[in-house]
1. Does Gly73 qualify as being surrounded by 14 or more Cβ atoms within 10 Å (Cβ to Cβ) and modelled with pLDDT under 90?
2. Just need a number here: residues in the range 47-58 that are open to solvent by 40 Å² or more (accessible area, probe 1.4 Å) and in contact with a Leu (Cβ under 7 Å, 6 or more places away or on another chain).
3. Restricting to strands (runs of 3 or more DSSP E) lying wholly in the range 4-89: which have 2 or more residues that are β-branched (Val, Ile, Thr) and more than 14 Å from the chain's Cα centre (by Cα)?
Amino acid sequence: APSSIAILDTSGGAMILISAAAGLYASTDLSNSPVAAAMPVVSRSMNCIGGTYKVDVGIHPCTLCPSGMRNAGNQPATTCLSCSSDTFC
């Protein structure tokens, strides 16, 4: 698997996806970025969103947690936790 990848479009735009650590994914969403959107767009590492996890390093997305498992999304997630029997999950 590649550790990073560059994508070029016909208009001269460039997007660079940098490898993210386990528990994180390579985000290109710049809507809440402290850096203004400009070319080239370079990814930044973000926590896996709630209900997902990632066990290894790479540019690939996080994986859905299995049924009956959860991840709150407020920190890097390399595993999912079992849901409590008295909660909706």
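The values are calculated or read from the model by the stated rules, or taken from the named source; none is laboratory data. Keep in mind the model is a prediction, meaning the values are calculated, not measured. Reconstructed Cβ throughout: ideal geometry from the backbone, glycine too, with neighbour counts over all protein chains shown. To get the accessible areas, we keep the full protein, side chains included, count just its heavy atoms, and leave off ligands, DNA and RNA. Shrake-Rupley method; radii C 1.70, N 1.55, O 1.52, S 1.80 Å.
1. Details: surrounded by 14 or more Cβ atoms within 10 Å (Cβ to Cβ): yes; modelled with pLDDT under 90: yes.
The answer is yes for Gly73.
2. 1
3. Output list reads 4-8.
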